[in-house]
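Chemist: My questions will all concern the structure given below.
The values are calculated or read from the model by the stated rules, or taken from the named source; none is laboratory data. The shown structure was predicted, so the numbers you read here are calculated from the model rather than taken from an experiment. All Cβ positions, glycine included, derive from the backbone under ideal geometry; neighbour counts span all protein chains shown. The accessibility values were calculated without ligands, DNA or RNA, using every heavy atom of the protein model including side chains. Shrake-Rupley method; radii C 1.70, N 1.55, O 1.52, S 1.80 Å.
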Amino acid sequence: MYPLFLNELTPQQFLTDYWQKKPLLIKAGFKNFIDPISPDELAGLAGEEEIESRIVSNKDAVWDMETGPFEDFSHLGEKGWTLLVQAVDHWHPQSAALIEPFRFIPNWRIDDLMVSFSTAGGGVGPHLDQYDVFIIQGQGKRHWRVGMPDSSLKQHCPHPRLLQVSPFVDCIDVITEPGDILYIPPGCPHDGISLDPSLNYSVGFRAPAQKDLLTGLADHLIDQDITGRRFTDPERQIPESVGAISEQDLSQVQDLLRQLVDDKNFAAQWFGSYISHAKHELDATEPDPHYEANEIGEYLEEGSVLAKLGGLRTLYYQTNPAEDIQLFINGDRFLVPVTELETVKKLTDQSSLSQEDCQHFAADNGRLQLLTLLINKGYWYFTE
Ligand code: SIN
Ligand code: CO
(Lines give C-alpha, C1' and ligand atoms only; values in the text may rest on other atoms or scores of the structure.)
(Ligands and ions follow the chains in the order given, each with its own letter.)
Protein backbone atom coordinates (compact mmCIF):
# COMPACT_ATOMS: atom_id res chain seq x y z
CA MET A 1 0.00 0.00 0.00
CA TYR A 2 1.36 3.40 -0.99
CA PRO A 3 -0.82 6.21 0.43
CA LEU A 4 -0.46 9.27 -1.80
CA PHE A 5 -0.13 12.82 -0.42
CA LEU A 6 -0.82 15.26 -3.21
CA ASN A 7 0.61 18.45 -1.63
CA GLU A 8 -2.61 18.95 0.38
CA LEU A 9 -4.59 18.83 -2.87
CA THR A 10 -7.59 16.58 -3.27
CA PRO A 11 -7.41 14.41 -6.39
CA GLN A 12 -10.15 16.62 -7.88
CA GLN A 13 -8.16 19.81 -7.17
CA PHE A 14 -5.13 18.18 -8.77
CA LEU A 15 -7.18 17.32 -11.87
CA THR A 16 -8.66 20.82 -12.08
CA ASP A 17 -5.43 22.76 -11.56
CA TYR A 18 -2.64 20.56 -12.93
CA TRP A 19 -3.78 17.55 -14.98
CA GLN A 20 -2.78 18.17 -18.63
CA LYS A 21 -2.05 21.80 -17.73
CA LYS A 22 1.18 22.26 -15.82
CA PRO A 23 3.88 20.21 -14.11
CA LEU A 24 3.84 19.71 -10.37
CA LEU A 25 6.45 18.67 -7.85
CA ILE A 26 4.89 16.56 -5.10
CA LYS A 27 7.52 16.55 -2.34
CA ALA A 28 7.26 13.38 -0.24
CA GLY A 29 4.17 12.26 -2.19
CA PHE A 30 4.93 8.85 -0.71
CA LYS A 31 6.16 9.16 2.86
CA ASN A 32 8.94 6.82 4.09
CA PHE A 33 9.14 5.36 0.62
CA ILE A 34 10.39 1.80 0.30
CA ASP A 35 11.34 0.59 -3.18
CA PRO A 36 9.17 -2.33 -4.31
CA ILE A 37 12.02 -3.69 -6.46
CA SER A 38 15.83 -3.77 -6.24
CA PRO A 39 18.25 -2.82 -9.04
CA ASP A 40 19.28 -6.50 -9.23
CA GLU A 41 15.69 -7.67 -9.68
CA LEU A 42 15.20 -5.01 -12.36
CA ALA A 43 18.34 -6.22 -14.14
CA GLY A 44 16.87 -9.74 -13.96
CA LEU A 45 13.68 -8.58 -15.70
CA ALA A 46 15.81 -6.84 -18.35
CA GLY A 47 17.31 -10.26 -19.15
CA GLU A 48 13.94 -11.67 -20.24
CA GLU A 49 13.18 -11.93 -23.95
CA GLU A 50 9.52 -10.90 -23.61
CA ILE A 51 10.20 -7.80 -21.48
CA GLU A 52 11.01 -4.58 -23.32
CA SER A 53 14.13 -2.89 -22.01
CA ARG A 54 16.76 -0.45 -23.19
CA ILE A 55 19.96 1.13 -21.96
CA VAL A 56 20.73 4.76 -22.71
CA SER A 57 24.27 5.88 -22.06
CA ASN A 58 26.04 9.19 -22.24
CA LYS A 59 29.83 8.93 -22.12
CA ASP A 60 31.95 11.98 -22.92
CA ALA A 61 28.88 13.61 -24.52
CA VAL A 62 28.37 10.65 -26.87
CA TRP A 63 24.88 9.20 -26.59
CA ASP A 64 24.14 5.54 -27.22
CA MET A 65 21.08 3.36 -26.95
CA GLU A 66 20.80 -0.42 -26.93
CA THR A 67 17.71 -2.58 -26.64
CA GLY A 68 17.43 -5.66 -24.42
CA PRO A 69 17.44 -8.39 -23.35
CA PHE A 70 20.59 -7.74 -21.34
CA GLU A 71 22.70 -10.38 -19.61
CA ASP A 72 25.75 -8.37 -18.73
CA PHE A 73 26.15 -4.79 -17.53
CA SER A 74 29.86 -4.90 -16.68
CA HIS A 75 31.01 -3.09 -19.85
CA LEU A 76 28.92 -0.06 -18.91
CA GLY A 77 31.05 1.06 -15.98
CA GLU A 78 29.95 2.95 -12.89
CA LYS A 79 28.63 6.14 -14.46
CA GLY A 80 26.59 7.72 -17.23
CA TRP A 81 23.99 5.09 -18.08
CA THR A 82 20.37 4.24 -17.41
CA LEU A 83 18.51 0.94 -17.75
CA LEU A 84 14.80 1.40 -18.55
CA VAL A 85 12.35 -1.50 -18.27
CA GLN A 86 8.84 -1.17 -19.64
CA ALA A 87 5.61 -2.61 -18.15
CA VAL A 88 7.22 -3.81 -14.92
CA ASP A 89 3.70 -3.92 -13.44
CA HIS A 90 3.01 -6.92 -15.71
CA TRP A 91 5.77 -8.98 -14.12
CA HIS A 92 6.31 -7.72 -10.60
CA PRO A 93 3.18 -7.46 -8.39
CA GLN A 94 4.94 -5.42 -5.68
CA SER A 95 5.85 -2.78 -8.27
CA ALA A 96 2.34 -2.89 -9.76
CA ALA A 97 1.11 -1.58 -6.38
CA LEU A 98 2.67 1.79 -7.30
CA ILE A 99 0.00 2.36 -9.95
CA GLU A 100 -2.91 1.94 -7.52
CA PRO A 101 -2.65 5.40 -5.82
CA PHE A 102 -3.20 7.01 -9.22
CA ARG A 103 -6.43 5.20 -9.93
CA PHE A 104 -8.44 8.36 -9.46
CA ILE A 105 -7.86 8.45 -13.22
CA PRO A 106 -9.84 5.79 -15.10
CA ASN A 107 -8.22 2.45 -15.93
CA TRP A 108 -8.40 3.00 -19.66
CA ARG A 109 -6.19 6.10 -19.43
CA ILE A 110 -3.47 4.32 -17.47
CA ASP A 111 -0.74 2.64 -19.50
CA ASP A 112 2.06 0.97 -17.60
CA LEU A 113 4.80 1.29 -15.01
CA MET A 114 8.25 1.88 -16.45
CA VAL A 115 11.14 1.48 -14.03
CA SER A 116 14.60 2.88 -14.56
CA PHE A 117 17.88 2.35 -12.79
CA SER A 118 20.43 5.11 -13.35
CA THR A 119 24.05 5.40 -12.35
CA ALA A 120 25.54 8.80 -11.46
CA GLY A 121 25.28 11.09 -14.47
CA GLY A 122 22.75 8.75 -16.11
CA GLY A 123 19.55 9.92 -17.80
CA VAL A 124 17.88 9.86 -21.19
CA GLY A 125 18.65 13.53 -21.86
CA PRO A 126 16.27 16.47 -22.24
CA HIS A 127 13.13 15.38 -24.11
CA LEU A 128 9.38 15.66 -24.55
CA ASP A 129 6.82 12.88 -24.13
CA GLN A 130 3.39 12.65 -25.77
CA TYR A 131 1.77 11.34 -22.60
CA ASP A 132 1.21 12.42 -19.01
CA VAL A 133 3.50 10.79 -16.51
CA PHE A 134 4.05 10.65 -12.75
CA ILE A 135 7.75 10.02 -12.08
CA ILE A 136 8.38 8.68 -8.60
CA GLN A 137 11.85 8.89 -7.11
CA GLY A 138 12.94 5.66 -5.48
CA GLN A 139 16.34 5.08 -3.92
CA GLY A 140 19.03 7.67 -4.68
CA LYS A 141 18.68 11.24 -5.88
CA ARG A 142 18.16 12.80 -9.23
CA HIS A 143 18.41 16.36 -10.50
CA TRP A 144 15.22 17.07 -12.43
CA ARG A 145 14.32 20.08 -14.52
CA VAL A 146 10.90 20.49 -16.08
CA GLY A 147 9.59 23.27 -18.34
CA MET A 148 6.31 24.34 -19.88
CA PRO A 149 5.43 23.42 -23.50
CA ASP A 150 7.27 25.72 -25.89
CA SER A 151 6.70 25.55 -29.65
CA SER A 152 10.08 27.17 -30.32
CA LEU A 153 11.94 24.13 -28.92
CA LYS A 154 13.73 22.10 -31.57
CA GLN A 155 13.96 18.33 -31.43
CA HIS A 156 17.10 16.54 -32.58
CA CYS A 157 18.58 13.03 -32.53
CA PRO A 158 22.00 12.73 -30.84
CA HIS A 159 21.64 9.03 -31.71
CA PRO A 160 19.32 7.58 -34.40
CA ARG A 161 17.00 6.14 -31.73
CA LEU A 162 17.07 9.02 -29.25
CA LEU A 163 14.92 12.10 -29.66
CA GLN A 164 16.01 15.03 -27.51
CA VAL A 165 15.04 18.65 -27.24
CA SER A 166 17.06 21.87 -27.33
CA PRO A 167 17.84 23.70 -24.05
CA PHE A 168 14.65 24.81 -22.32
CA VAL A 169 13.61 27.22 -19.57
CA ASP A 170 12.57 25.32 -16.46
CA CYS A 171 9.74 26.02 -14.04
CA ILE A 172 10.79 23.15 -11.74
CA ASP A 173 14.43 22.59 -10.78
CA VAL A 174 14.76 20.09 -7.97
CA ILE A 175 16.82 17.28 -6.56
CA THR A 176 14.31 14.52 -6.00
CA GLU A 177 14.61 12.23 -3.00
CA PRO A 178 12.91 8.91 -2.25
CA GLY A 179 9.12 9.33 -2.29
CA ASP A 180 9.11 12.61 -4.25
CA ILE A 181 6.88 12.62 -7.31
CA LEU A 182 6.93 14.77 -10.42
CA TYR A 183 3.79 15.12 -12.49
CA ILE A 184 4.66 16.02 -16.09
CA PRO A 185 1.92 16.75 -18.66
CA PRO A 186 2.41 15.91 -22.36
CA GLY A 187 4.75 18.21 -24.26
CA CYS A 188 6.59 19.58 -21.19
CA PRO A 189 10.36 19.31 -21.71
CA HIS A 190 12.14 17.49 -18.90
CA ASP A 191 15.56 16.20 -18.02
CA GLY A 192 16.60 14.05 -15.07
CA ILE A 193 20.26 13.44 -14.29
CA SER A 194 21.02 10.93 -11.60
CA LEU A 195 23.30 12.07 -8.79
CA ASP A 196 24.00 8.57 -7.51
CA PRO A 197 22.66 5.08 -8.28
CA SER A 198 18.92 5.67 -8.31
CA LEU A 199 15.59 4.13 -9.20
CA ASN A 200 12.70 5.95 -10.85
CA TYR A 201 9.17 4.70 -11.42
CA SER A 202 7.12 6.23 -14.24
CA VAL A 203 3.36 5.75 -14.14
CA GLY A 204 2.52 6.44 -17.77
CA PHE A 205 -0.81 7.22 -19.39
CA ARG A 206 -2.41 6.31 -22.66
CA ALA A 207 -4.10 8.86 -24.92
CA PRO A 208 -5.05 7.56 -28.36
CA ALA A 209 -4.46 9.74 -31.41
CA GLN A 210 -7.02 9.80 -34.24
CA LYS A 211 -4.68 7.55 -36.23
CA ASP A 212 -4.67 4.96 -33.41
CA LEU A 213 -8.45 5.14 -33.09
CA LEU A 214 -9.07 4.71 -36.80
CA THR A 215 -6.56 1.86 -37.03
CA GLY A 216 -8.27 0.20 -34.05
CA LEU A 217 -11.67 0.76 -35.65
CA ALA A 218 -10.52 -0.72 -38.98
CA ASP A 219 -9.05 -3.77 -37.20
CA HIS A 220 -12.31 -4.26 -35.32
CA LEU A 221 -14.37 -4.09 -38.55
CA ILE A 222 -12.06 -6.63 -40.19
CA ASP A 223 -12.01 -8.98 -37.16
CA GLN A 224 -15.78 -8.89 -36.78
CA ASP A 225 -16.37 -8.99 -40.56
CA ILE A 226 -18.50 -5.84 -40.42
CA THR A 227 -19.00 -4.05 -43.75
CA GLY A 228 -21.46 -1.44 -42.50
CA ARG A 229 -23.59 0.75 -44.72
CA ARG A 230 -22.49 1.67 -48.21
CA PHE A 231 -22.58 5.04 -49.98
CA THR A 232 -25.84 5.57 -51.92
CA ASP A 233 -26.98 8.47 -54.16
CA PRO A 234 -30.50 7.97 -55.54
CA GLU A 235 -30.94 11.77 -55.79
CA ARG A 236 -27.93 12.23 -58.10
CA GLN A 237 -28.05 15.30 -60.43
CA ILE A 238 -25.89 15.95 -63.51
CA PRO A 239 -22.67 17.61 -62.24
CA GLU A 240 -21.04 20.68 -63.69
CA SER A 241 -17.73 18.83 -63.86
CA VAL A 242 -17.35 15.05 -63.74
CA GLY A 243 -13.87 15.45 -62.25
CA ALA A 244 -15.11 17.21 -59.13
CA ILE A 245 -15.89 15.59 -55.79
CA SER A 246 -18.78 17.84 -54.83
CA GLU A 247 -19.21 19.40 -51.38
CA GLN A 248 -22.40 17.42 -51.02
CA ASP A 249 -20.76 14.09 -51.88
CA LEU A 250 -17.91 14.74 -49.46
CA SER A 251 -20.39 15.70 -46.70
CA GLN A 252 -22.28 12.49 -47.37
CA VAL A 253 -19.06 10.46 -47.05
CA GLN A 254 -18.29 12.24 -43.76
CA ASP A 255 -21.84 11.48 -42.57
CA LEU A 256 -21.39 7.82 -43.47
CA LEU A 257 -18.29 7.62 -41.31
CA ARG A 258 -19.92 9.59 -38.51
CA GLN A 259 -22.98 7.30 -38.46
CA LEU A 260 -20.67 4.40 -37.67
CA VAL A 261 -19.04 6.02 -34.65
CA ASP A 262 -22.24 7.79 -33.56
CA ASP A 263 -23.78 4.46 -32.66
CA LYS A 264 -22.88 4.43 -28.93
CA ASN A 265 -23.31 0.71 -28.53
CA PHE A 266 -21.10 -0.08 -31.51
CA ALA A 267 -18.57 2.61 -30.53
CA ALA A 268 -18.29 1.13 -27.03
CA GLN A 269 -17.88 -2.33 -28.53
CA TRP A 270 -14.83 -1.44 -30.61
CA PHE A 271 -13.36 1.16 -28.29
CA GLY A 272 -13.67 -1.08 -25.23
CA SER A 273 -12.06 -4.01 -27.05
CA TYR A 274 -9.35 -1.81 -28.52
CA ILE A 275 -8.40 0.14 -25.40
CA SER A 276 -8.59 -2.84 -23.03
CA HIS A 277 -5.88 -4.59 -25.01
CA ALA A 278 -2.54 -4.49 -23.17
CA LYS A 279 0.23 -2.99 -25.29
CA HIS A 280 2.87 -5.17 -23.64
CA GLU A 281 2.84 -8.89 -23.08
CA LEU A 282 1.03 -10.17 -19.98
CA ASP A 283 2.42 -12.78 -17.60
CA ALA A 284 -0.77 -14.88 -17.85
CA THR A 285 -0.40 -18.56 -17.05
CA GLU A 286 -3.45 -20.69 -17.73
CA PRO A 287 -3.99 -23.28 -15.00
CA ASP A 288 -3.40 -26.78 -16.34
CA PRO A 289 -5.81 -28.52 -16.24
CA HIS A 290 -8.51 -25.84 -16.27
CA TYR A 291 -10.69 -25.57 -13.18
CA GLU A 292 -14.34 -26.60 -13.18
CA ALA A 293 -16.76 -24.00 -11.81
CA ASN A 294 -17.70 -26.26 -8.88
CA GLU A 295 -14.02 -26.55 -7.85
CA ILE A 296 -13.67 -22.76 -7.92
CA GLY A 297 -16.92 -22.50 -5.94
CA GLU A 298 -15.44 -24.73 -3.24
CA TYR A 299 -12.21 -22.71 -3.01
CA LEU A 300 -14.21 -19.49 -2.73
CA GLU A 301 -16.44 -20.95 -0.01
CA GLU A 302 -13.32 -22.08 1.87
CA GLY A 303 -12.08 -18.48 2.07
CA SER A 304 -9.62 -18.19 -0.83
CA VAL A 305 -8.66 -14.76 -2.12
CA LEU A 306 -7.72 -13.78 -5.65
CA ALA A 307 -5.37 -11.24 -7.23
CA LYS A 308 -5.81 -9.66 -10.63
CA LEU A 309 -2.94 -10.18 -13.06
CA GLY A 310 -0.63 -7.14 -13.20
CA GLY A 311 -1.26 -4.96 -16.25
CA LEU A 312 -4.63 -6.59 -17.02
CA ARG A 313 -6.91 -3.89 -18.43
CA THR A 314 -10.45 -4.20 -17.08
CA LEU A 315 -13.19 -1.78 -18.16
CA TYR A 316 -16.94 -1.65 -18.65
CA TYR A 317 -19.54 0.37 -20.48
CA GLN A 318 -23.18 0.65 -19.64
CA THR A 319 -24.99 2.40 -22.42
CA ASN A 320 -28.53 2.35 -21.15
CA PRO A 321 -29.80 0.82 -17.94
CA ALA A 322 -32.06 -1.53 -19.91
CA GLU A 323 -29.20 -3.19 -21.79
CA ASP A 324 -26.46 -5.60 -20.76
CA ILE A 325 -23.25 -4.17 -19.35
CA GLN A 326 -20.32 -4.58 -21.74
CA LEU A 327 -17.33 -5.82 -19.74
CA PHE A 328 -13.95 -5.60 -21.47
CA ILE A 329 -10.94 -7.58 -20.33
CA ASN A 330 -7.77 -7.55 -22.41
CA GLY A 331 -9.62 -7.12 -25.69
CA ASP A 332 -12.40 -9.64 -24.92
CA ARG A 333 -15.99 -8.48 -24.42
CA PHE A 334 -18.43 -10.12 -22.03
CA LEU A 335 -22.11 -9.18 -21.77
CA VAL A 336 -23.25 -9.10 -18.17
CA PRO A 337 -26.85 -8.49 -16.95
CA VAL A 338 -27.51 -4.94 -15.70
CA THR A 339 -28.31 -6.31 -12.27
CA GLU A 340 -24.65 -7.35 -11.95
CA LEU A 341 -23.04 -3.89 -11.88
CA GLU A 342 -21.56 -4.60 -8.43
CA THR A 343 -19.99 -7.82 -9.77
CA VAL A 344 -18.54 -5.98 -12.77
CA LYS A 345 -17.06 -3.24 -10.57
CA LYS A 346 -15.38 -5.81 -8.33
CA LEU A 347 -13.61 -7.09 -11.44
CA THR A 348 -12.78 -3.72 -13.00
CA ASP A 349 -12.22 -1.37 -10.07
CA GLN A 350 -10.32 -3.61 -7.67
CA SER A 351 -6.88 -5.21 -7.98
CA SER A 352 -7.88 -8.17 -5.80
CA LEU A 353 -10.95 -10.05 -4.57
CA SER A 354 -11.21 -10.40 -0.80
CA GLN A 355 -12.88 -13.33 0.97
CA GLU A 356 -16.08 -11.28 1.10
CA ASP A 357 -15.88 -10.54 -2.64
CA CYS A 358 -15.27 -14.22 -3.29
CA GLN A 359 -18.42 -15.10 -1.33
CA HIS A 360 -20.29 -12.71 -3.63
CA PHE A 361 -19.05 -14.69 -6.66
CA ALA A 362 -19.77 -18.04 -5.03
CA ALA A 363 -23.37 -17.00 -4.34
CA ASP A 364 -24.49 -16.97 -7.98
CA ASN A 365 -23.87 -19.47 -10.78
CA GLY A 366 -23.54 -16.82 -13.54
CA ARG A 367 -20.89 -14.97 -11.49
CA LEU A 368 -19.09 -18.22 -10.75
CA GLN A 369 -19.03 -19.22 -14.43
CA LEU A 370 -17.58 -15.83 -15.40
CA LEU A 371 -14.93 -15.95 -12.68
CA THR A 372 -14.01 -19.53 -13.60
CA LEU A 373 -13.48 -18.47 -17.21
CA LEU A 374 -11.28 -15.56 -16.09
CA ILE A 375 -9.23 -17.73 -13.74
CA ASN A 376 -8.80 -20.30 -16.52
CA LYS A 377 -7.35 -17.57 -18.72
CA GLY A 378 -4.82 -16.77 -15.99
CA TYR A 379 -6.34 -13.30 -15.45
CA TRP A 380 -7.09 -13.80 -11.74
CA TYR A 381 -5.08 -16.13 -9.55
CA PHE A 382 -5.36 -17.54 -6.05
CA THR A 383 -3.01 -15.95 -3.55
CA GLU A 384 -4.13 -17.94 -0.51
C1 SIN B 1 13.53 7.88 -16.42
O2 SIN B 1 14.66 8.08 -16.87
O3 SIN B 1 13.29 7.14 -15.48
C4 SIN B 1 12.37 8.62 -16.95
C5 SIN B 1 12.51 8.93 -18.34
C6 SIN B 1 11.56 10.01 -18.74
O7 SIN B 1 11.82 11.15 -18.50
O8 SIN B 1 10.53 9.75 -19.38
CO1 CO C 1 10.12 11.51 -20.21
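Chemist: How far is it, in nm, from the label point at residue 73 to the one at residue 229 when both lie 7 Å from their Cα along the line to the Cβ?
Modeler: According to this spin-label approximation, the distance is 5.8 nm.
Chemist: Roughly how many Å² of residue 231 are accessible to a 1.4 Å probe, to the nearest 10?
Modeler: About 70 Å², rounded to the nearest 10.
Chemist: On to the next question. With only Lys, Arg, Asp and Glu charged, each at its Cβ (+1 for the first two, -1 for the last two), find how big the charge dipole of segment 293-382 is about the Cα centre; round to the nearest 20 debye.
Modeler: Here segment 293-382 has a charge dipole of around 420 debye.
Chemist: Follow-up question, since we're still on this one. So what's the gap between the Cα centers of segment 253-322 and segment 41-68, to the nearest angstrom?
Modeler: Cα centroid to Cα centroid, the span is 33 Å.
Chemist: Further, regarding this structure: Modelling each spin label as a point 7 Å along the Cα-to-Cβ direction, I'd like the residue 154/residue 252 distance in nm, to one decimal.
Modeler: My value for the distance between the label points is 5.0 nm.
Chemist: I would also like to ask the following. Sequence gap at least 6, Cα distance under 8 Å: using those rules, report the relative contact order of the chain to the nearest whole percent.
Modeler: Taking the mean separation of contacting Cα pairs over the length of the chain, I get 16 percent.
Chemist: Based on the Cβ-Cβ distance of residue 166 and residue 40, what FRET efficiency does E = 1/(1 + (r/R0)^6) give at R0 = 25 Å, to the nearest 0.05?
Modeler: 0.10
Chemist: Based on the alpha-carbon gyration tensor of the chain and its eigenvalue square roots a ≥ b ≥ c, which shape applies: rounded if a/c is under 1.5, prolate if not and a/b is larger than b/c, or oblate?
Modeler: Verdict is oblate for the chain.
Chemist: I've got another one for you. Which FRET efficiency value, to the nearest 0.05, do you get for residue 302 and residue 324 by plugging their Cβ-Cβ distance into 1/(1 + (r/R0)^6) with R0 = 35 Å?
Modeler: Efficiency at R0 = 35 Å is approximately 0.65.
Chemist: Sorting 1, 65 by accessible area (1.4 Å probe), largest first, what list results?
Modeler: Descending accessible area places them as 1, 65.
Chemist: Which order do 249, 40, 180, 212 take by accessible area at a 1.4 Å probe, largest first?
Modeler: 40, 212, 249, 180
Chemist: Shifting gears a bit: Multiply the residue separation of residue 284 and residue 103 by 0.36 nm, subtract the distance between their alpha-carbon atoms, and state the gained length in nm to one decimal.
Modeler: Net length gain for the segment: 62.9 nm.
Chemist: Would you please classify the overall shape of segment 209-343 from the alpha carbon gyration tensor, given that a ≥ b ≥ c denote the square roots of the eigenvalues, rounded means a/c under 1.5, and beyond that prolate means a/b larger than b/c while oblate covers the rest?
Modeler: Prolate, since a/c reaches 1.5 and a/b exceeds b/c.
Chemist: Tell me, what HN-Hα J-couplings in whole Hz come from the Karplus equation 6.51 cos²θ - 1.76 cosθ + 1.60 at θ = phi - 60° for each residue of segment 321-333, using x for Gly and Pro?
Modeler: x, 7, 9, 4, 7, 8, 9, 10, 9, 6, x, 8, 10
Chemist: Could you calculate the contour length gain from residue 355 to residue 335, that is, 0.36 nm times the residue separation minus the distance between their Cα atoms, to one decimal place in nm?
Modeler: 4.7 nm
Chemist: Which entries of 27/346; 79/141; 31/141; 22/79; 59/141; 21/211 have Cα-Cα distances beyond 25 Å here?
Modeler: Cα-Cα > 25 Å for 27/346; 22/79; rest within.
Chemist: I would also like to ask the following. Between 253, 2, 379, whose Cα lies farthest towards the positive end of the dipole of the chain when Lys and Arg beta carbons carry +1 and Asp and Glu beta carbons carry -1, centred on the Cα centre?
Modeler: Value computed over the given set: 253.
Chemist: Now, a different point. For residue 345, give me every one of the lysines with a C-alpha distance below 17 angstrom, ignoring sequence neighbours fewer than eight places off in its own chain.
Modeler: 308
Chemist: Mind checking which of 178, 86, 167 is farthest towards the positive end of the chain's charge dipole, using Cβ charges of +1 (Lys, Arg) and -1 (Asp, Glu) about the Cα centre?
Modeler: Comparing the listed Cα positions along the dipole, 167 ranks first.
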